[in-house]
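*Asks:* What follows is a single structure, and I will ask about it in a moment.
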Amino acid sequence: MARRNRGSRLTAPEARIAFTPGMKKRLTRRALAMIERSLALFPELRHHPVTIGYTLTHLGSASVTCRAGGTARLAIRLKVNCLSYQTIGHELTHLVQGLARGGRHSRAAPIGKIPGGEKQCDIWTLARSRLFCDDPPTYLRLPRVVRQRWHQYAGRVRRLCIRAIAQRPARRCYIRWLETEIRKLARVVPPGGPGAEQLALPFGRAARNGRQVEIGAPGVT
C-alpha cells in the first residue's frame, strides 16, 4: 500500500524500489500500485534494487549496467500519464534479459534466460501473466483488427505466446510461427461475435483484493 511521508510525497514501501526526483514529482498512487504489483511477478529481480524514472519521449525504457565486483544497476523509465501493465512488464522483462547477459556478475541465484530482442520481450511478457495483457504488445506483428480489438483477442494471443516459448527449443522460427498463428486469429475469431473472447482484466474490485492474476511462463527458456 502506498503511503505519504511528512512532505506528503508518495514513497515506495519496499527498499528495492527507488524513484528518481523527476518520477517522485509525478508518481501517483495508481502508478505506484501498478509498479508494485508488476514487480511481484518478477522473482528474478527480487535481489536487485530497481531505479524507476520518468520519460517524456517514450512509453518506457530500460537499462542494465553491470559493474566490476558483482553489482548491477537496473533502471526503467515510464510515462505515468499513459501507464499500462503491458509497458511495465515489458520494461521489467528487459531487465531480466539484461541480467541474463551479464549474469556472471550477479550475486543473485541463476535465472532462466530470456533471449534478447524486442519481439522476444513482448512474447515473454505476455506469457508471464494475464496482468500484462491490458494493452497490445508494441513489437509483435498483429493484424489491425487484433490490435484494435485487443481485449477480444488477448487471451488467445497469450496462449499462443506460451505455445511459442514451449516450441522454441525445437523450432528456430518460433516467432514467425507465432505471428502466422496470430494472423489466423483475425479470420477465425469474429470480432465482437460469439467466438470473440473478452479477457477479464484486473481492474475491478476483485483485482484490488489480489485475484485475477495468473502466472503463465515466468523465465521460461
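*Asks:* Within segment 105-122, does at least one residue satisfy the condition of being modelled with pLDDT under 95, in a helix (DSSP H, G or I) and either touching a Gly at 6+ places or on another chain (Cβ under 8 Å) or of a type in the set (Ser, Thr, Tyr) (or both)?
*Replies:* Yes: one or more hits.
*Asks:* Follow-up question, since we're still on this one. Filter segment 64-93 down to the residues that are polar (S, T, N, Q) and at pLDDT 80 or above, then identify the one that is most open to solvent (accessible area, probe 1.4 Å).
*Replies:* Narrowing segment 64-93 to residues polar (S, T, N, Q): 65, 71, 81, 84, 86-87, 93.
Subsequent filtering for residues that are at pLDDT 80 or above retains 81, 84, 86-87, 93.
Numbers: Asn81: 120, Ser84: 4, Gln86: 8, Thr87: 18, Thr93: 1 Å².
So the residue we want is Asn81.
*Asks:* Return the pairs, sorted by first residue and then second, in which the second residue is assigned to a loop (DSSP other than H, G, I, E, B) and of a type in the set (Ser, Thr, Tyr), the first residue lies in segment 113-132 and is under 11 Å from Thr93 (Cα atoms), the beta carbons are less than 6 Å apart, and the residues are 6+ apart or on different chains.
*Replies:* Note: pairs meeting the criteria are Lys113/Thr221; Glu118/Tyr139; Asp122/Tyr139.
*Asks:* Here is a follow-up. Looking at Leu27, Leu56, can you tell me which residue is over 17 Å from the mean Cα position of the chain (by Cα), surrounded by fewer than 13 Cβ atoms within 10 Å (Cβ to Cβ) and modelled with pLDDT of 80 or more?
*Replies:* On the way: Leu27 fails: surrounded by fewer than 13 Cβ atoms within 10 Å (Cβ to Cβ).
Matching residue, one of Leu27, Leu56: Leu56.
*Asks:* Being open to solvent by 90 Å² or more (accessible area, probe 1.4 Å) and either over 15 Å from Gly98 (Cβ atoms) or modelled with pLDDT of 85 or more (or both) narrows it down to one of Arg6, Arg37, so name that one. First the steps, then the outcome.
*Replies:* Values: Arg37 fails: open to solvent by 90 Å² or more (accessible area, probe 1.4 Å).
Being open to solvent by 90 Å² or more (accessible area, probe 1.4 Å) and either over 15 Å from Gly98 (Cβ atoms) or modelled with pLDDT of 85 or more (or both) holds for just one of Arg6, Arg37, which is Arg6.
The values are calculated or read from the model by the stated rules, or taken from the named source; none is laboratory data. From a predicted model like this one, the values you see are computed outputs, not experimental measurements. Cβ atoms come from the backbone with ideal geometry, glycine included; neighbour counts cover every protein chain shown. With ligands, DNA and RNA removed, areas are computed over all heavy atoms of the protein, side chains included. Shrake-Rupley method; radii C 1.70, N 1.55, O 1.52, S 1.80 Å.
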